[in-house]
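Peer 1: Pasting in a structure now, in structure tokens, and then I'll have a few things to ask.
The values are calculated or read from the model by the stated rules, or taken from the named source; none is laboratory data. This structure is a prediction, so every number in the text was calculated from the model and none was measured. Note that we place each Cβ from the backbone using ideal geometry, even for glycine, and neighbour counts take in every protein chain shown.
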Amino acid sequence: MQTREDIFNTLRDALVELFELDPERVSLESNLYQDLEIDSIDAVDLIDHIKRQTGKKIAAEEFKSVRTVSDVVEAVYRLVQPVA
């Protein structure tokens, strides 16, 4: 899971699996809270799922600024990139 596209595909699959969403509803522009109706408890489940997939945890503080699927992709991308 290295490219943004890989991260998006994994994230979309997770959203579909965890929250029984229609895959067509999940796009980079989808707002987690308004479009996908994710609540704060769902967000915690999503953070936990990302941790299991990547072995790294997104800080809750960082996740608070996340609004769209694209924001999550970027946060995970930064998380999995090797430190230069």
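Peer 1: Would you please list the contacts, defined by Cβ atoms under 8 Å and residues six or more apart or on different chains, that run from a residue in the range 38-52 that is surrounded by fewer than 16 Cβ atoms within 10 Å (Cβ to Cβ) to a residue that is in a helix (DSSP H, G or I)?
Peer 2: Asp45/Leu18
Peer 1: Right, another one. Just name the residue that is farthest from the chain's Cα centre (by Cα) out of those in the range 26-56 that are of a type in the set (Asp, Glu) and closer than 22 Å to Gln2 by Cα. Show your work before the answer.
Peer 2: Narrowing the range 26-56 to residues of a type in the set (Asp, Glu): 29, 35, 37, 39, 42, 45, 48.
Still in the list and also closer than 22 Å to Gln2 by Cα: 29, 45, 48.
Working: Glu29: 12, Asp45: 10, Asp48: 10 Å.
This residue is Glu29.
Peer 1: What are the pairs with Cβ atoms under 8 angstrom where one residue, in the range 62-84, is without any contact (Cβ under 8 Å) to a residue 60 or more places away in the chain and the other, located anywhere, is among the hydroxyl-bearing types (Ser, Thr, Tyr) and exposed (fewer than 14 other Cβ atoms within 10 Å of the Cβ)? Sequence gap at least six, or different chains.
Peer 2: That search, which allows pairs on different chains as well, returns Asp71/Ser65.
Peer 1: Being hydrophobic (A, V, I, L, M, F, W, C) and at pLDDT 90 or above is the filter; apply it to the range 57-77 and report the residue that is nearest to the chain's Cα centre (by Cα).
Peer 2: Per the criteria, the residue is Val72.
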